[in-house]
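Asker: Before anything else, here's the structure in question.
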Amino acid sequence: MPEDKRQNFLERCHAQSRRMSRLLSDMSMLSRLDATQEMVNSKSSNCKSIDAALILRQIEEETMSQFREKNVQLQMSIPESLPMTGDASLIYSLFRNIFSNTLAYATDATYFKVQVRVSTGSYTFTFTDNGPGVPAEHLPHIFERFYRIDKGRSRRLGGTGLGLAIVKNIALQYGGSVTASQTPGGGLTIDIELSV
C-alpha cells in the first residue's frame, strides 16, 4: 500500500478507535447512573463533602487554552466556595460535558458564561453562550440519549450523542433538574439545579 494511503487509513482507524472509546466510556457512565438511582441518598462511599466551585475552576483551567484557540471568552461568576455532598467524579462529569459541548458546538461564539445562584438547599448553575444556538424544535430533545441535531457534524467532531444525556441523569441523581433555552440574541443557555 502506498505510504500516503497507509497513513490515511491509520489516521481513520485511530479516529474511529478514539470515538469508540468515548462511546464505551459514556455508555459505562450511563449504565452506572441507571444502576444507582439512589446513589446520593445512599451511604455510598463516593458521597462526600465536595466543593463544586473547586471542580468548576479545575475544568476552567483544563479548557482555558481551547477557549482561547476558538477566541471565546470564558467568564466565570461563581462564589469562592460551593460546598455540597456528592460524588466528585460525577459532578466533574456533569460540568465537563457542558464545557465540552460548548467547545464542540458553539461555533463562532465570543463568550461562554458560567454563573451560580445560591438558594436554600440548592444551587442553580447557568451556562450561557452566544453561538448559533439550538432551533426551538430541538430543545426538548437535546438531553435524550443519542439525539443529534446535525448527525454528520457530530460524527466529524467525535461526539457520541450521550454527553447531555449524562448531564441530565447526573442532575436527576442529585434531586435536580436541567433545562435548555435559547439565549436572547442567539446561543444556548443551560440551567442545572442541584440539591446540596
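The values are calculated or read from the model by the stated rules, or taken from the named source; none is laboratory data. Quick caveat: nothing in here was measured; it's all calculated off a predicted structure. Here the Cβ positions follow ideal geometry from the backbone for every residue, glycine too, while neighbour counts run over all protein chains shown. Keep in mind that these areas ignore ligands, DNA and RNA; they rest on the heavy atoms of the full protein, side chains included. Shrake-Rupley method; radii C 1.70, N 1.55, O 1.52, S 1.80 Å.
Asker: Kindly provide the set of residues from segment 46-71 that are open to solvent by 20 Å² or more (accessible area, probe 1.4 Å) and aliphatic (A, V, I, L, M), ordered by number.
Answerer: Residues of segment 46-71 that are open to solvent by 20 Å² or more (accessible area, probe 1.4 Å), as a first pass: 46-51, 54, 57-58, 60-62, 64-66, 68-71.
Correct list: I50, L54, M64.
Asker: State yes or no: is T85 among the polar types (S, T, N, Q) and under 13 Å from A52 (Cβ atoms)?
Answerer: On the way: among the polar types (S, T, N, Q): yes; under 13 Å from A52 (Cβ atoms): yes.
It is true that T85 is among the polar types (S, T, N, Q) and under 13 Å from A52 (Cβ atoms).
Asker: Can you name the residue in segment 116-129 that is of a type outside the set (A, V, I, L, M, F, W, C) and farther than 12 Å from I190 by Cα and, of all such residues, is farthest from the chain's Cα centre (by Cα)? Please lay out each step first, then the result.
Answerer: Pass one, segment 116-129, residues of a type outside the set (A, V, I, L, M, F, W, C): 117, 119-124, 126, 128-129.
Filter once more, keeping what is farther than 12 Å from I190 by Cα: 117, 119-123.
Values: R117: 19, S119: 23, T120: 25, G121: 23, S122: 19, Y123: 17 Å.
For segment 116-129, the residue satisfying everything is T120.
Asker: Could you give me the residue pairs with C-beta distances under 7 Å whose first residue belongs to segment 106-128 and is touching a residue at least 12 places away in the same chain (Cβ under 8 Å) and over 12 Å from Q75 (Cβ atoms), whose second residue is part of a strand (DSSP E or B) and among the aromatic types (F, W, Y) wherever it lies, and which are 6+ apart or on separate chains?
Answerer: A106/F112; V116/Y123; V116/F125
Asker: Among the residues that make up segment 70-92, is at least one of them closer than 18 Å to L188 by Cβ and assigned to a helix (DSSP H, G or I)?
Answerer: The answer is no; no qualifying residue exists.
Asker: Within segment 59-80, can one find any residue that is touching a helix residue (DSSP H, G or I) at 6+ places or on another chain (Cβ under 7 Å) and closer than 16 Å to S195 by Cα?
Answerer: no
Asker: Does R96 satisfy the condition of being among the charged types (D, E, K, R) and outside any helix (DSSP H, G or I)?
Answerer: Criteria not met by R96.
Asker: When segment 94-122 is examined, which residues are found to be open to solvent by 20 Å² or more (accessible area, probe 1.4 Å) and in contact with a helix residue (DSSP H, G or I) (Cβ under 7 Å, 6 or more places away or on another chain)? Don't jump to the end; show me each part of the working.
Answerer: In the first step, residues of segment 94-122 are kept if they are open to solvent by 20 Å² or more (accessible area, probe 1.4 Å); the result is 96-97, 100-101, 104-105, 107-108, 110-111, 113, 115-121.
Those that are open to solvent by 20 Å² or more (accessible area, probe 1.4 Å) and in contact with a helix residue (DSSP H, G or I) (Cβ under 7 Å, 6 or more places away or on another chain): R96, N97, S100, N101, A104.
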